[in-house]
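Peer 1: Here's a structure for you.
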Amino acid sequence: MSDLVIETTGLRKEFSSVRGEKRVAVSDLDLAVPAGGVHGFLGPNGSGKTTTIRMLLGLARPTRGTMRLFGQPVPEQLPHVIGRVGAVVESPKFSPNFSGRRNLQLLAGAIGAPSSVVDSAIETVKLGGREKDRYKGYSLGMKQRLAIAATLLKTPDLLILDEPTNGLDPSGIREIRETIRDLGESGVTVLLSSHILAEVQQVCTSATIIGNGRLLASGRVDDLLGAGTAYRVVVPDPAAAADVLARAELEVTPHEGTLHVEAERPEEITRALGEAGIWLTELTPLRADLESYFLRLTEGEQLGQGGQGGHDGHDNGAIA
Amino acid sequence: MNRLLRVELTRVLCRRAVLVLLAAAIVVPAVIGVARVLNTREPSAEEVARAEQLIAEERDTRWAKRELASCQKDPAEYFGGDVPEGDLEQACLEWIGLSLDNYLYVDRLELAEERDEGAGFAVVVVLAILMMLAGTTFAGHDWASGSVSNQLLFEPRRPLVWTAKGVVVTAVAGVFSAAVLTVYWLLLYAVVTARDAGLGDGVLLDCLQSGWRGAGVAAAAALAGYSLTMLFRSTVAALGVLLAASVAGGIVLAVLGVDPVWNPGLNIGAVIRDGMPYWTEGPCPNLDDGVTYGGDVCEVEKTLSLGRAVLFLGTMLVVFIAASLASFRRRDVP
């Protein structure tokens, strides 16, 4: 019995234009999301995140490949597992002339959930007081909250959230992130699709990164970002410190009056400098930022031109 | 399924556009009915007096005097062999047009006529159009708002979702139209009875049955509108296709020389009226003497039966449903 909540093998999605041209949105994607925790699903816009999610939820038909949710093949067994899955796909989509409450009541009615569940969901996302207003009068943030409330109608074991903080104000973003983190800690598996690395860093324990519909990397977030392998070193005499660190066989790069040092562990740096009588002013782990990280991973990729021949065969593990 | 039916019923009855169309489905027949009742009311004493005055004025003209005198002098010239007995002067006045019937036009309310050619037929057509609009706007709204995908996240069995929506749209349109048409005919019947105008045997039942068949047409129109909207995923596209088919369809059939029996409008009429006469080209009839008159091909009158019309329209509807359902099952949902 697999402990994977989401599993795809060789998943591929092609779209055909009117002229018969094919565009590959997802190319032979092997995705594995273990049970529990918050799993980031990262990729730049147009990388195939939403298409993958839509296929998992039965909204789009894969060109080929297999998908499993809770070990059950989907879309064949989707009706049997959908009750355990809550999802927000892209922007919230509700009937604009109905109130937020009416929209939730209709969805709850489809699964036989009592009205108390609707009340609870509204309270959880802090929509109380506005739930009887028409949906079309909601701000984007309120729409996002309503969409998240809809996912809570089922009490899901798996929550799939596609860019859930889009349009939220800073306090709303923080609340949603806290909610996601709490859900992950409570045993719900959360797949958080985002192109915001900082969001994933703050919330997720593991992540999968895709580009052009292909798997680029997958693993623990700290591993993916290379945390602990490079440090920013500030000392009174950078030149002397650079000599000492070089003699200790560490890779040193001067950078605007500071040093960037590659090391397995920070003790290697402090010990070498301490033994030379050089005392640190500052030692900071360096992490990749969003832009440089994606540029590095997606270097040479051209959006919309994925395909079997171009698949580089990354396996679930560390970044190449 | 019951849960989905309840949800869809709530959805359809909470949609403002649908409610407006249902309100129109009450108001328009009511206006038509009231207009018919008013237009067929008995003339007032003032109207009769005014008409009699006009007749008297006309009778004083030289022309009328000459014609009346001539008629009375030689009635056979005017009436041929059927010279009326009794009041010859009155008969001559009527012959030359100086009668109340000519000066006081009275349109009588007759249920049989209303059912076949009058406002009753128009009411059914109006209801069918309104219900078709309700079917298209109900489905089109879901696609326009994108809420179809949200619904499928709660019930991914697409045929079930399609069926629940279709059943509700059809049932609401059918029941509502049947209620409106039943009330319409009962009220007209009450008016005719109150006027003591006289009714043929079984006319009311015929009218009610025609109304219920009309309700079936309205329900089918709603289902067709819904099916096409689910196929094209757009109210505008579905209505565009239906409008083009209704406007250009008859013309194209006529240009191609296709038998009118394939005209959807004629078939709808045949369902409502329990058979519909139509003219088409056919072999000229032979008379008793065995001689064919008028050449080889003549315009002959035929009747399109209710059964054939139901079969034709039903087949069209099944094709719409099959295409719509297959499309909804297979295509990606945005």
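Computed from the coordinates by the stated procedures, all read-outs in this text should not be read as laboratory data. Here the structure is a predicted model, which is why all the values come from computation and not from measurement. Cβ coordinates were reconstructed from backbone atoms using ideal geometry, including for glycine residues, and neighbour counts include every protein chain displayed.
Peer 1: Can you tally the net charge around A:Gly172? Count Lys and Arg as +1, Asp and Glu as -1, for every other residue whose Cβ sits under 14 Å from the Cβ of A:Gly172.
Peer 2: That works out to +1.
Peer 1: Based solely on its DSSP helices, what 222 nm [θ] is calculated for chain A when runs of n ≥ 4 H residues each add -39,500 (n - 2.57) and the sum is averaged over all residues, nearest 500 deg cm²/dmol?
Peer 2: -9000 deg cm²/dmol, from helical runs alone.
Peer 1: Using θ = phi - 60° and the Karplus form 6.51 cos²θ - 1.76 cosθ + 1.60, what ³J(HN,Hα) does each residue of region A:34-42 get, whole Hz, x for Gly and Pro?
Peer 2: Result, ordered by residue: x, 5, x, x, 10, 10, x, 10, 9 Hz.
Peer 1: Ok, one more. By count of other Cβ within 10 Å, fewest leading, how are B:Thr303, B:Thr163 ordered?
Peer 2: B:Thr303, B:Thr163
Peer 1: For region B:238-244, in order, what is each residue's ³J(HN,Hα) by Karplus, 6.51 cos²θ - 1.76 cosθ + 1.60 with θ = phi - 60°, in whole Hz (x at glycine and Pro)?
Peer 2: Computed from phi, the couplings for region B:238-244 are 5, 5, x, 5, 5, 5, 4 Hz.
Peer 1: Where the centre of each part is set by its Cα atoms, how far does region A:239-260 sit from region A:61-123, in angstrom?
Peer 2: After rounding, the separation between the Cα centres reads 55 Å.
Peer 1: Moving on. Take every Cα pair under 8 Å in region A:25-121 that's 6+ residues apart, average their separations, divide by the length, and report that relative contact order as a whole percent.
Peer 2: Reported as a whole number, the value is 16 percent.
Peer 1: Rounded to whole Å, give me the distance from the Cα center of region B:233-279 to that of region B:139-215.
Peer 2: For region B:233-279 versus region B:139-215, the Cα centre distance is 21 Å.
Peer 1: A follow-up question, please. Amide H neighbours of A:Ser218 under 5 Å, at least 5 residues apart or on other chains, H built in the peptide plane: list them.
Peer 2: Amide H to amide H, under 5 Å and 5 or more residues apart or across chains, A:Ser218 pairs with A:Ile209, A:Gly317.
Peer 1: Give me A:Phe41, A:Phe15 sorted ascending by neighbouring Cβ count inside 10 Å, so fewest comes first.
Peer 2: Ranked by crowding around the Cβ, least crowded first: A:Phe15, A:Phe41.
Peer 1: Quick check: the angle from helix B:62-73's long axis to the longest principal axis of chain B, C-alpha only, nearest 10 degrees?
Peer 2: Tilt of helix B:62-73: around 70 degrees.
Peer 1: Which number comes out as Rg/Rh for chain B once both Rg and the Kirkwood Rh are worked out on C-alpha atoms?
Peer 2: Using only Cα positions, Rg/Rh for chain B is 1.14.
Peer 1: Could you give the Stokes-Einstein D for the protein assembly as shown in µm² per second, using the C-alpha Kirkwood radius, 20 °C, 1.002 mPa s?
Peer 2: Taking Rh from Cα pairs, D becomes 68 µm²/s.
Peer 1: What's the longest uninterrupted piece of chain B once you rule out the trypsin sites (Lys or Arg not before Pro) that are loop residues per DSSP with at most 15 other Cβ within 10 Å?
Peer 2: Here the longest run is B:196-330.
Peer 1: Sort by residue number and report every cysteine in chain B with no other cysteine beta carbon within a distance under 4.7 Å.
Peer 2: Cysteines lacking a close Cβ partner in chain B: B:Cys14, B:Cys207.
Peer 1: I've got another one for you. Along its three principal axes, how long is region B:45-103 when you only count alpha carbons? Whole Å, largest extent first please.
Peer 2: 38, 23, 15
Peer 1: Expressed as a rounded percentage, what relative contact order does region A:230-285 have, with Cα pairs under 8 Å and six or more residues apart?
Peer 2: 50
Peer 1: Let me ask something additional. What is the order of A:Glu123, B:Glu301, B:Glu110, fewest Cβ neighbours within 10 Å to most?
Peer 2: B:Glu301, A:Glu123, B:Glu110
Peer 1: Let me ask something additional. Percent of Cα-Cα pairs more than 25 Å apart in chain A, please.
Peer 2: Within chain A, distances greater than 25 Å cover 58 percent of Cα pairs.
Peer 1: Among the lysines in the protein assembly as shown, how many pairs, 8 or more places apart or on different chains, have alpha carbons under 14 Å apart?
Peer 2: 7
Peer 1: For chain A, find the longest principal axis of its Cα atoms and tell me its angle to the long axis of helix A:170-185, 0 to 90°, nearest 10.
Peer 2: Computed tilt is about 90 degrees.
Peer 1: In deg cm²/dmol, rounded to 500, what helix-only [θ] at 222 nm does chain B give when every DSSP H run of at least 4 residues adds -39500 (n - 2.57) and the total is split over its residues?
Peer 2: Using -39500 (n - 2.57) per qualifying helix, the result is -24000 deg cm²/dmol.
Peer 1: Relative to the longest principal Cα axis of chain A, at what angle does helix A:100-111 sit, 0 to 90 degrees, rounded to 10?
Peer 2: Once rounded, the angle reads 80 degrees.
Peer 1: In addition: If you project the alpha carbons of region B:202-284 onto their three principal axes, what span does each projection cover, largest first, in Å?
Peer 2: That works out to 44, 37, 14 Å along the principal axes.
Peer 1: Can you give the Rg and Dmax of region B:75-162 based on its C-alpha atoms, in angstrom?
Peer 2: Gyration radius and largest Cα-Cα distance of region B:75-162: 30.5, 88 Å.
Peer 1: Considering only B:Trp279, B:Trp262, B:Trp63, give the residue with the highest GNM mean-square fluctuation for chain B, with springs between Cα atoms whenever their separation is below 10 Å.
Peer 2: B:Trp63
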